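Heads up, the thing below is written out as structure tokens.
The values are calculated or read from the model by the stated rules, or taken from the named source; none is laboratory data. If you're wondering where the values come from, they're calculated on a predicted model, not measured in any experiment. Glycine gets a Cβ as well: all are built from the backbone with ideal geometry, and neighbour counts include every protein chain shown.
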Amino acid sequence: MKAMRPPLSPVRESSPPDAPIHPFWLRVTHWLNAIAALIMMFSGWRIYDASPVFRGIVIPPSITLGGWLGGALQWHFAAMWLLVFNGIVYVALNIASGRFFSKFFPLSPRAVLRDLIAALSGKLAHADLRQYNAVQKLAYLAVVVDLIVLVLSGLAIWKSVQFPLLRELMGGYDNARVVHFCAMALMAAFVVVHVTMVALVPRSLVTMLRGR
Ligand code: HEM
């Protein structure tokens with residue numbers, strides 16, 4: 001049998017060994033974030049359909065949320081507050097506790113490549129759920145940045161007149177819609193891969209629910 005390879009970049013774990021794998025605040029913010037992000041995605045698809053950015057790309061109404069444009073906007077704006085405030089709590093607690101640096105760094109292109117090759121050939125170990133492999137670290141950091149881009153491009157579309165600098169940074173109103181759509185597509189792709197990986201390692205779901 002081939003040896004399973006541990007992730008290349010070890011985590012400098014400073015928490016005691018009996019501490020939960022995922023602290024309580026992390027689990028709460030993760031699930032609130034997942035609920036808010038999914039509500040925003042499904043209601044956003046209905047809003048998009050009312051005025052498609054790309055000719056030929058229309059989302060089937062049956063997989064959208066809100067029932068009609070007005071209903072979808074209500075869902076989108078309600079979930080927006082949850083996403084933003086919960087996201088601020090997640091980032092602030094991660095940085096203040098030092099978890100952000102110990103959990104996601106060090107991270108190098110070499111480590112990502114090695115862990116990606118090991119993962120694709122089925123040789124990446126998942127024995128220690130305290131430790132993210134380099135591909136996970138990159139994916140989680142990328143989706144956090146992607147969510148920030150989603151919020152900022154959304155703000156540029158929603159309050160385009162009030163935030164002219166933001167609008168111009170996004171390349172103008174029409175381009176902000178393209179940025180918003182592309183960032184949504186990236187998040188959707190992340191969710192598909194993320195949920196597939198969780199299904200392959202179901203114990204990770206238990207730890208994200210119970211902490212250990
Ligand atoms: C939009 C939706 C989602 C986003 C943006 C998201 C994002 C993330 C991020 C950033 C992390 C790392 C958290 C950290 O350690 O700081 C994470 C971990 C995790 N997520 Fe999600 N997530 C989403 C949906 C889901 C869903 C639907 C599930 C369950 C099916 C799930 C299950 C997990 C699990 C189990 C982990 C821990 C992985 C591990 O320990 O290896 N997530 N997620």
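Screening ALA111, ALA119 for residues that are buried (at least 17 other Cβ atoms within 10 Å of the Cβ), touching a residue at least 40 places away in the same chain (Cβ under 8 Å) and not in a loop (DSSP other than H, G, I, E, B) leaves exactly one candidate, ALA111. For the stretch 160-212, the helices (runs of 4 or more DSSP H) that sit wholly inside it and include 3 or more residues that are within 16 Å of the ligand (Cβ to nearest atom) and surrounded by 13 or more Cβ atoms within 10 Å (Cβ to Cβ) are 173-200, 202-210.
Could you please let me know if LEU82 is assigned to a helix (DSSP H, G or I), more than 28 Å from ARG27 (Cβ to Cβ) and in the same structural domain as ARG46 (by TED's automatic domain parsing)? Criteria not met by LEU82.
Listed conditions (1) out of contact with any Lys or Arg (no Cβ under 6 Å at 6 or more places or on another chain); (2) part of a helix (DSSP H, G or I) are all met by ALA156, apart from (1). Quick one: which of PRO52, PRO17 is modelled with pLDDT under 95, more than 21 Å from the chain's Cα centre (by Cα) and either surrounded by 15 or more Cβ atoms within 10 Å (Cβ to Cβ) or outside any helix (DSSP H, G or I) (or both)? Within the list PRO52, PRO17, the selection yields PRO17. Looking only at the stretch 55-79, residues that are crowded, with 16+ Cβ neighbours inside 10 Å and under 29 Å from LEU26 (Cβ atoms) come to 4 in all. The numbered conditions (1) part of a helix (DSSP H, G or I); (2) away from the ligand (no atom under 11 Å from the Cβ) are all true for VAL91 except (2).
Determine whether LEU26 is closer than 30 Å to TRP158 by Cβ, surrounded by 16 or more Cβ atoms within 10 Å (Cβ to Cβ), modelled with pLDDT of 95 or more and not assigned by TED's automatic domain parsing to the domain that holds ALA111. It would help to see each step written out before you state the result.
On the way: closer than 30 Å to TRP158 by Cβ: yes; surrounded by 16 or more Cβ atoms within 10 Å (Cβ to Cβ): yes; modelled with pLDDT of 95 or more: yes; not assigned by TED's automatic domain parsing to the domain that holds ALA111: yes.
Judged against the criteria, LEU26 is a match.
In the condition set (1) over 28 Å from ASN133 (Cα atoms); (2) in a helix (DSSP H, G or I); (3) in contact (Cβ under 8 Å) with a residue 12 or more places away in the chain, GLY70 is compliant with all but (3). With respect to the conditions (1) part of a loop (DSSP other than H, G, I, E, B); (2) touching a residue at least 24 places away in the same chain (Cβ under 8 Å), VAL58 lacks only one, and its number is (2).
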